[in-house]
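Some notes on the structure that comes next.
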Amino acid sequence: MKAGIVVFPGTNRERDMAIALRRAAGTEPAMLWHRDTELPALDLVVLPGGFSHGDYLRSGAMAAHAPIMSAVRDFAARGGYVLGVCNGFQILTEAEMLPGALLRNAGMRFLSQDCHLRVERDDTPFTRGWREGDVFRAPMAHGDGNYVASEEELDRLEGEGQVAFRYSRADGGLADDANPNGSARAIAGVFSADRRVCGLMPHPEDLVDPLMGGEDGKPLFDGLVESFR
Amino acid sequence: MTKVRVSVMLKDGVLDPPGKAIGHALQTLGFGNVGEVRAGRVIELELDEADAAKAKAQADEMARRLLANLVIESFTTEVLS
């Protein structure tokens, strides 16, 4: 799998992402600068976490208009796969490549803690490493992770299978106390309509090695590698 | 030069945690009659455009493209001078 990681000013999780991609794919991902206007030949583009452009205006709002985003949009339209984690997810919603928006956490606090995610479908390159209904642990670290969309849009997303992950209890049950940032319908990650673009707030890339405390996030990367084999 | 003020607010029905926190703080300060508080953002633009209507139209376009996220926010523009 040939992967590229986009780095914006203020991005700070690109090295974590590179570790996860390298570990799964066995090859080095390319680092791409936000001012680039063309992408090399890639299977996957990743927008990693951080605070692009200082989160000024809204998280991800400036980065969504960076020169490289036209190329990323074209890449996805031509059949490429795009993953956004944390700030990367925010950027993809601001770029209107994913539906909805991410607001301030309902409790106002920046949350740096582990959460559990339930896999909502297992027939996509992003989730094929799990089975539907599987629950895995993922670290989260964000202030603006409260997923919102209109009720009609949420109904549509659920009806068309665009929900990728939900915050859940360890047993897979949904509950307010297992939805740390107050996201609508406990949505932690979504797909585009064609399921080539996926974004989520928590960080699977930070649990891909026993030395990190577990490998709970590794199926995401292993599944992607299998898809491009 | 025309100065235009763009006011961006969360849409009705969208939860506003900062507004809620401000309201709570005002209650704590003794302003017991404070009801719902909504917090928004004001952006003032100086545009190199003499025609007020054109300046307002440009600011509307800027708000739609960048200054507001229409999924969650609405905006108003007013020409100041």
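The values are calculated or read from the model by the stated rules, or taken from the named source; none is laboratory data. Note that the coordinates shown come from a computational prediction; the quantities given were computed from them, not determined experimentally. Here the Cβ is made from the backbone with ideal geometry for all residues, glycine too, and neighbour counts use every protein chain on show. Protein only, heavy atoms only, side chains kept; ligands, DNA and RNA dropped before computing areas. Shrake-Rupley method; radii C 1.70, N 1.55, O 1.52, S 1.80 Å.
The table that follows gives values for the structure above.
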quantity: Filter pass, A:Phe75 being of a type in the set (Phe, Trp, Tyr) and in contact with a helix residue (DSSP H, G or I) (Cβ under 9 Å, 6 or more places away or on another chain); calculated: no
quantity: Hits in the stretch B:30-65 (condition: closer than 27 Å to B:Asp16 by Cα, in contact with an Asp or Glu (Cβ under 9 Å, 6 or more places away or on another chain) and not small (Gly, Ala, Ser)); calculated: B:Glu36, B:Val37, B:Arg38, B:Arg41
quantity: Subset of the stretch A:125-176 that is of a type in the set (Ser, Thr, Tyr) and in contact with a helix residue (DSSP H, G or I) (Cβ under 8 Å, 6 or more places away or on another chain) - its residue that is farthest from B:Pro17 (Cα to Cα); calculated: A:Thr127
quantity: Filter result (without any contact (Cβ under 8 Å) to a residue 60 or more places away in the chain, surrounded by fewer than 21 Cβ atoms within 10 Å (Cβ to Cβ) and in contact with a strand residue (DSSP E or B) (Cβ under 9 Å, 6 or more places away or on another chain)) within the stretch A:185-202; calculated: A:Arg185
quantity: Index of the failed condition, A:Glu96 passing every other in (1) within 11 Å of another protein chain (Cβ to nearest Cβ); (2) at negative phi; (3) open to solvent by 30 Å² or more (accessible area, probe 1.4 Å); calculated: (2)
quantity: Extreme residue, nearest to the other protein chains (Cβ to nearest Cβ), among residues of the stretch B:51-60 that are within 15 Å of the chain's Cα centre (by Cα) and of a type outside the set (Lys, Arg); calculated: B:Ala59
quantity: Where a residue in the stretch A:1-29 is open to solvent by 30 Å² or more (accessible area, probe 1.4 Å) and its partner, wherever it lies, is polar (S, T, N, Q), with Cβ under 9 Å and at least six apart; calculated: A:Met1/A:Thr27; A:Met1/A:Ser227; A:Lys2/A:Thr27; A:Pro9/A:Ser52; A:Gly10/A:Ser52; A:Gly10/A:Asn87; A:Asn12/A:Asn87; A:Arg13/A:Asn87
quantity: Filter result for A:Arg128 (part of a strand (DSSP E or B), under 29 Å from A:Ala3 (Cα atoms), more than 14 Å from chain B (Cβ to nearest Cβ) and among the basic types (Lys, Arg)); calculated: no
quantity: Residues within the stretch B:48-57 that are among the hydrophobic types (A, V, I, L, M, F, W, C) and surrounded by fewer than 12 Cβ atoms within 10 Å (Cβ to Cβ), tallied; calculated: 2
quantity: Criterion (in contact with a Lys or Arg (Cβ under 9 Å, 6 or more places away or on another chain) and acidic (Asp, Glu)) met by exactly one of A:Glu28, A:Glu38, A:Glu14; calculated: A:Glu28
quantity: Subset of the stretch B:1-47 that is of a type in the set (S, T, N, Q) and surrounded by 16 or more Cβ atoms within 10 Å (Cβ to Cβ) - its residue that is farthest from A:Ala149 (Cα to Cα); calculated: B:Thr2
quantity: Checking A:Phe110 against (1) away from every other protein chain (no Cβ under 14 Å); (2) open to solvent by 20 Å² or more (accessible area, probe 1.4 Å), the condition it does not meet; calculated: (1)
quantity: Residue pairs meeting the criteria (Cβ under 7 Å; at least 6 apart or on separate chains; first within 9 Å of chain A (Cβ to nearest Cβ), in the stretch B:65-80; second open to solvent by 50 Å² or more (accessible area, probe 1.4 Å) and assigned to a loop (DSSP other than H, G, I, E, B)); calculated: B:Ile72/B:Lys11; B:Glu73/B:Lys11
quantity: Qualifying positions in the stretch A:69-88 - part of a helix (DSSP H, G or I) and either away from chain B (no Cβ under 14 Å) or open to solvent by 10 Å² or more (accessible area, probe 1.4 Å) (or both); calculated: A:Ser70, A:Ala71, A:Val72, A:Arg73, A:Asp74, A:Phe75, A:Ala76, A:Ala77, A:Asn87, A:Gly88
quantity: Test for A:Ala164: is it aliphatic (A, V, I, L, M) and closer than 25 Å to A:Met97 by Cα; calculated: yes
quantity: Residues being modelled with pLDDT of 95 or more, charged (D, E, K, R) and closer than 26 Å to A:Asp155 by Cα - total across the stretch A:64-119; calculated: 4
quantity: Tally of residues being open to solvent by less than 10 Å² (accessible area, probe 1.4 Å) and within 25 Å of A:Ala20 (Cα to Cα) across the stretch A:51-65; calculated: 4
